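A.B. asks: Here it is, the structure in full.
The values are calculated or read from the model by the stated rules, or taken from the named source; none is laboratory data. These numbers were taken from a predicted model, which means no experiment stands behind them. Heads up, the Cβs are rebuilt from the backbone with ideal geometry, glycines too, and the neighbour counts pull from every protein chain shown.
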Amino acid sequence: MQHDCERCGNCCVIHWGSFGATHDDVSRWINEGRVDILNHITANLDNSNDEPYLFVTRVCPFLEKDEKNLHYCTINDTKPYYCRNYPDDGFCEYMGEGYSR
């Protein structure tokens with residue numbers, strides 16, 4: 001199920017840090033030479049949340065706003081697995097009343 005993204009950025013702001021990068025993400029970024037992304041991750045040595053790699057930044061460094069004040073991902077072509085598959089149930093909890101851009 002595909003949702004209609006309003007590009008509010010709430011999912012990126014609120015969920016950032018609640019997930020890590022997968023082995024496939026890191027392998028892809030290594031193969032692509034994406035040091036800009038790799039600089040923002042570290043190995044999860046204690047495997048505290050079942051993710052092999054964790055992002056070390058408090059906010060997503062790849063979230064930007066355009067001239068219309070809408071958010072966009074600067075690494076959209078190679079973003080992390082969890083970002084690519086959000087929302088996994090097709091429903092964005094940030095759409096609707098109570099949330100604004």
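A.B. asks: I'd like the full set of residues that are surrounded by 12 or more Cβ atoms within 10 Å (Cβ to Cβ), in a helix (DSSP H, G or I) and not aliphatic (A, V, I, L, M), limited to the range 30-44.
C.D. replies: Glu32, Asp36, listed by residue number.
Okay, residues lined up against (1) under 16 Å from Cys12 (Cβ atoms); (2) assigned to a helix (DSSP H, G or I); (3) over 13 Å from the mean Cα position of the chain (by Cα); (4) modelled with pLDDT of 90 or more:
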{"residue": "Arg28", "(1), (2), (3), (4)": "no, yes, yes, yes"}
{"residue": "Asp46", "(1), (2), (3), (4)": "no, no, yes, no"}
{"residue": "Thr57", "(1), (2), (3), (4)": "yes, no, no, no"}
{"residue": "Glu64", "(1), (2), (3), (4)": "yes, no, no, yes"}
{"residue": "Asn69", "(1), (2), (3), (4)": "yes, no, yes, yes"}
{"residue": "Tyr72", "(1), (2), (3), (4)": "yes, no, no, yes"}
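A.B. asks: Can you work out which of the residues in the range 76-89 that are assigned to a loop (DSSP other than H, G, I, E, B) and either acidic (Asp, Glu) or over 9 Å from the mean Cα position of the chain (by Cα) (or both) is modelled with the highest pLDDT? Working first, answer last.
C.D. replies: Step one: of the range 76-89, the residues assigned to a loop (DSSP other than H, G, I, E, B) are 79-80, 85-89.
Restricting the remaining residues to those that are either acidic (Asp, Glu) or over 9 Å from the mean Cα position of the chain (by Cα) (or both) gives 85, 87-89.
Values: Asn85: 85, Pro87: 76, Asp88: 73, Asp89: 71.
Filtering first and then ranking leaves Asn85.
A.B. asks: Continuing with this model, one more query. Here is a check on your reading of the model: is Thr22 within 22 Å of Asp89 (Cβ to Cβ) and of a type in the set (Ser, Thr, Tyr)? Let's see the steps before the verdict.
C.D. replies: Working: within 22 Å of Asp89 (Cβ to Cβ): yes; of a type in the set (Ser, Thr, Tyr): yes.
Yes.
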